[in-house]
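The values are calculated or read from the model by the stated rules, or taken from the named source; none is laboratory data. As the structure is a prediction and not an experimental result, all values here were calculated from the model. Every residue, glycine as well, gets a Cβ built from its backbone with ideal geometry; the counts of neighbours run over all protein chains shown.
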Amino acid sequence: MSDPAALITVDDLRTIFRTGEEVARAVDGVSFSLRAGETLALVGESGSGKSVTALSIMRLLPMPPAQIVGRRIVFADRGTEQDLLTLTERQMRRIRGRRIAMVFQEPMSSLNPLLTIGEQIAEGLRLHLGLSRAAAAERACELLARVNIPDPVRRSGEYPHRLSGGMRQRVMIAAALGCNPALLIADEPTTALDVTIQGQILELLRSLQQELCMAMLFVTHDLGVVSEVADRVAVMYAGRIVETGSRAEILSAPRHPYTKALLGSVPRRRSARRDPAARLPAIPGQVPSAAQLPPGCTFAPRCGLAIPACTAARPALQPIAGAHAVRCIRWRET
Amino acid sequence: MAAYILRRLAGMIAVMFIVATLVFAIAHIIPGDPAGVMLGPSATAEDVAALRTRLGLDRPLPEQYVRFLGAAVSLDLGQSIFLGRSVLQALGERAPLTLLLTGMAAALAVLIGVPVGVLSAVWRGGAFDQAGTALSMVAASLPSFWIGLTLIEYLAVRWHEFPVAGYGAPGAGLLEHMRFLVLPAIAVGLPNTALITRFTRTSMLDVLHEDYVRTARAKGLHPATVVIKHAFRNARTAVLTVIGLVVAGLIGGAIVTETVFGLPGVGNLVVSAVLRRDYPVIQGALLVISGIYVLVNLGVDLLYAVLDPRVRY
Ligand SMILES: Nc1ncnc2c1ncn2[C@@H]1O[C@H](COP(=O)(O)OP(=O)(O)O)[C@@H](O)[C@H]1O
Ligand SMILES: [Mg+2]
């Protein structure tokens, strides 16, 4: 499935957590690729391994307990190919924040409360672009203006506690995009925000992405958001990708019972997203613990279509048409 | 900020007023006549009466109280009964030693405790952390006087590296004085070093789990930058609290330290004043020690406000 035009190719990623005797397989053989300028949405319920996937790419997981045991993450940037998993920590630091940047879910806690907003944007610019203190401060103000923060010069001297959640997320985006990264990883960047603010942040990310021709890995549990940002979608369940395809294929012609269930549980009215209860997928049962994955298909225990063959062997990702593929032996019957 | 400082100063004056009242009360609540106690059982009635008049003890209590407060405000702490000079003068002679010893012990505790605590947190569970934890456990559980006596036995008595006791000749230079204080400073500094190490480590561990530390790493910053600029910056207010407690404890503990090491500081002055019932000296020393205590606290709080933009004035 190697795409020669891909910017990043995640190939059979396996990340485990060792706690005492237990081994939790949080990411269990995830593969996908992304081209420049393209957006892939990684969708799934909470606990399915989306954040661990994202943090594995950045190599930001705490090790121990985390350990990346397989296999390759090929980053083909500016004509050189390198496997991120074999880079030294020092080489990796030259990629983090410069070529691959990340925006996190929690805007309230992701900014340092004791550093000014301007400094938190400028420090990356000084480090990676070699800008002087003054030049970096000036560029930080430009970036704040670009993410629509009013009165950027004054704001850049303020501390994060003076800003709302939406404003802080704009600051995070400004800091992430300062060095024109080739890839932006956005881990549920709008989940903690109000619906109206969510829309604004999505719109901002989309316009910046086009402007910078940047690839984006957009992690979310919200299919409503997927329809707004994604070119392609990968549905994740219990550490594996269970279905992948274009946005239209996944949203209009899903084949995996889990994707169907997720779609069935998307609230009709957008305003319902405000209500956390309405946002949670109404699929009976829960995601299995990464420490005790069921044999065969990990969704079988919750699946209405499960037959003995489902739990006998781990289903392979089966192509349906084009890039649409599904990890279900009964997809023809769904 | 200026309003905040003024408010805090007003609070400090209120505290000192209460301290002064307590100090006054101690001398008068204790059964027996201070003048009689001071002069001892062999004194004549005339001597006692004369001292009572000199100390103003023959006046009505409220008047004595007002006079005492007035004198305290103008830093007129009265005359020592035995030393033949004013209390302020006696304190002034002894204070440099106590402050120098406190400063040296605190510097030792902070300069070793903070870096070791930070690195222990960063290398949590590693060899450095385990060694640091074991050593601080030992240091925290050893009594200062035992450390002191051991240091004296080896470094002073056997190997002659440092003086055994004392503070050097009165006119000696600062360095010479400091040489005399090295062993006592280590003795009282070590348990406090352990305290600061443990506390810094805990605060750093809390902070290292914060999301903004992950954000800093996601920017590709050097680990030292992440630890010092992003993590320690957020741990330092908590560390400052312990440092304040340590300094305050060292000043309060000066009485014991100076007795053990035979140092002529304020603590030593208080002990001999208590033994001789030199009430003006006791009262004056208590007032000054409490004043320093309160000032240290004020300093810590003001530093908070400087270090953390979220502190509301
Ligand atoms: N620090 C950690 N220690 C142990 N296990 C972890 C840790 N972080 C994540 N996991 C495991 O990885 C699984 C997936 O987590 P995560 O990727 O955060 O899910 P999500 O899809 O909600 O982002 C969790 O259910 C948990 O078992
Ligand atoms: Mg997550």
Counting only residues that are under 20 Å from residue A:39 (Cβ atoms), surrounded by fewer than 24 Cβ atoms within 10 Å (Cβ to Cβ) and of a type outside the set (D, E, K, R), which one in the stretch A:182-196 is farthest from the chain's Cα centre (by Cα)? A:193
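Looking only at the stretch A:234-260, filter to residues that are of a type in the set (Gly, Ala, Ser) and within 16 Å of ligand 1 (Cβ to nearest atom); which one of those is farthest from residue A:47 (Cα to Cα)?
Filtering first and then ranking leaves A:234.
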If you go through the stretch B:173-191 one residue at a time, do you hit one that is away from chain A (no Cβ under 14 Å), surrounded by fewer than 17 Cβ atoms within 10 Å (Cβ to Cβ) and assigned to a loop (DSSP other than H, G, I, E, B)? yes
Those residues of the stretch A:76-93 which are of a type in the set (Lys, Arg) and either surrounded by 15 or more Cβ atoms within 10 Å (Cβ to Cβ) or within 14 Å of chain B (Cβ to nearest Cβ) (or both) amount to A:90, A:93
The stretch A:154-169, residues that are surrounded by fewer than 20 Cβ atoms within 10 Å (Cβ to Cβ), touching a residue at least 40 places away in the same chain (Cβ under 8 Å) and farther than 18 Å from residue A:190 by Cβ: A:157, A:158, A:159, A:161
Does residue B:201 satisfy the condition of being part of a helix (DSSP H, G or I), within 10 Å of another protein chain (Cβ to nearest Cβ) and buried (at least 21 other Cβ atoms within 10 Å of the Cβ)? no
Yes or no: residue B:236 closer than 30 Å to residue A:181 by Cα and in a helix (DSSP H, G or I)? no
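From the list A:181, A:150, pick out the single residue that is more than 14 Å from chain B (Cβ to nearest Cβ), out of contact with any Gly (no Cβ under 6 Å at 6 or more places or on another chain), modelled with pLDDT of 90 or more and more than 16 Å from ligand 1 (Cβ to nearest atom).
A:150
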Could you tell me which residue of the stretch B:149-206 is farthest from residue B:258 (Cα to Cα), considering only residues that are touching a Phe, Trp or Tyr at 6+ places or on another chain (Cβ under 9 Å) and among the charged types (D, E, K, R)? B:161
Name the residue that is nearest to the other protein chains (Cβ to nearest Cβ), counting only residues in the stretch A:57-71 that are surrounded by 19 or more Cβ atoms within 10 Å (Cβ to Cβ) and away from ligand 2 (no atom under 16 Å from the Cβ). A:59
Looking at this structure, is residue A:125 more than 9 Å from chain B (Cβ to nearest Cβ) and either free of Cβ contacts under 8 Å to residues at least 60 places away in the same chain or closer than 23 Å to residue A:212 by Cα (or both)? yes
I need a count of the residues in the stretch A:18-56 that are more than 14 Å from chain B (Cβ to nearest Cβ) and either more than 14 Å from ligand 1 (Cβ to nearest atom) or part of a strand (DSSP E or B) (or both). 22
Under 30 Å from residue B:171 (Cα atoms), basic (Lys, Arg) and in contact with an Asp or Glu (Cβ under 9 Å, 6 or more places away or on another chain) - does that describe any residue in the stretch B:76-86? yes
(1) farther than 30 Å from residue A:68 by Cα; (2) modelled with pLDDT under 85 all hold for residue A:290 apart from (1)
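Residues are listed down the side, and each one gets a yes or a no for (1) more than 20 Å from residue B:288 (Cβ to Cβ); (2) touching a residue at least 40 places away in the same chain (Cβ under 8 Å):
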| position | (1), (2) |
| --- | --- |
| B:84 | no, no |
| B:100 | no, yes |
| B:113 | yes, yes |
| B:120 | yes, yes |
Looking only at the stretch B:236-294, how many residues end up being over 23 Å from residue B:168 (Cβ atoms), among the aliphatic types (A, V, I, L, M) and within 16 Å of the chain's Cα centre (by Cα)? 13
Go through the stretch A:206-246 and give me each residue that's more than 16 Å from ligand 2 (Cβ to nearest atom) and in contact with a Pro (Cβ under 7 Å, 6 or more places away or on another chain). A:214, A:243
Identify the single condition in (1) within 16 Å of ligand 2 (Cβ to nearest atom); (2) over 19 Å from residue A:179 (Cα atoms) that residue A:74 does not satisfy, given that it satisfies every other one. (1)
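Could you count how many residues in the stretch A:38-56 are more than 12 Å from ligand 2 (Cβ to nearest atom), of a type in the set (Asp, Glu) and under 18 Å from residue A:258 (Cβ atoms)?
Summing the residues that are more than 12 Å from ligand 2 (Cβ to nearest atom), of a type in the set (Asp, Glu) and under 18 Å from residue A:258 (Cβ atoms) in the stretch A:38-56 gives 0.
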Unique match (being outside any strand (DSSP E or B) and either within 16 Å of ligand 1 (Cβ to nearest atom) or on the phi > 0 side of the Ramachandran plot (or both)) among A:219, A:226: A:226
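On the basis of being in a loop (DSSP other than H, G, I, E, B), at pLDDT 85 or above and more than 15 Å from residue A:238 (Cβ to Cβ), does residue A:316 make the cut?
Judged against the criteria, residue A:316 is a match.
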Quick one: which residue in B:245, B:221, B:269 is buried (at least 17 other Cβ atoms within 10 Å of the Cβ), hydrophobic (A, V, I, L, M, F, W, C) and outside any helix (DSSP H, G or I)? B:221
Checked against (1) within 12 Å of chain B (Cβ to nearest Cβ); (2) more than 22 Å from the chain's Cα centre (by Cα); (3) among the hydroxyl-bearing types (Ser, Thr, Tyr), residue A:164 satisfies every condition except (1)
Please list, ordered by first then second residue, the pairs with beta carbon atoms under 7 Å, 6 or more apart or interchain, first in the stretch A:1-18 and buried (at least 18 other Cβ atoms within 10 Å of the Cβ), second modelled with pLDDT under 90 and acidic (Asp, Glu). A:7/A:77; A:9/A:3
Can you tell me how many residues in the stretch B:208-227 are under 19 Å from residue A:168 (Cβ atoms) and more than 9 Å from chain A (Cβ to nearest Cβ)? 0
Take residue A:133 and decide whether it is of a type outside the set (Ser, Thr, Tyr), more than 7 Å from chain B (Cβ to nearest Cβ) and surrounded by fewer than 18 Cβ atoms within 10 Å (Cβ to Cβ). yes
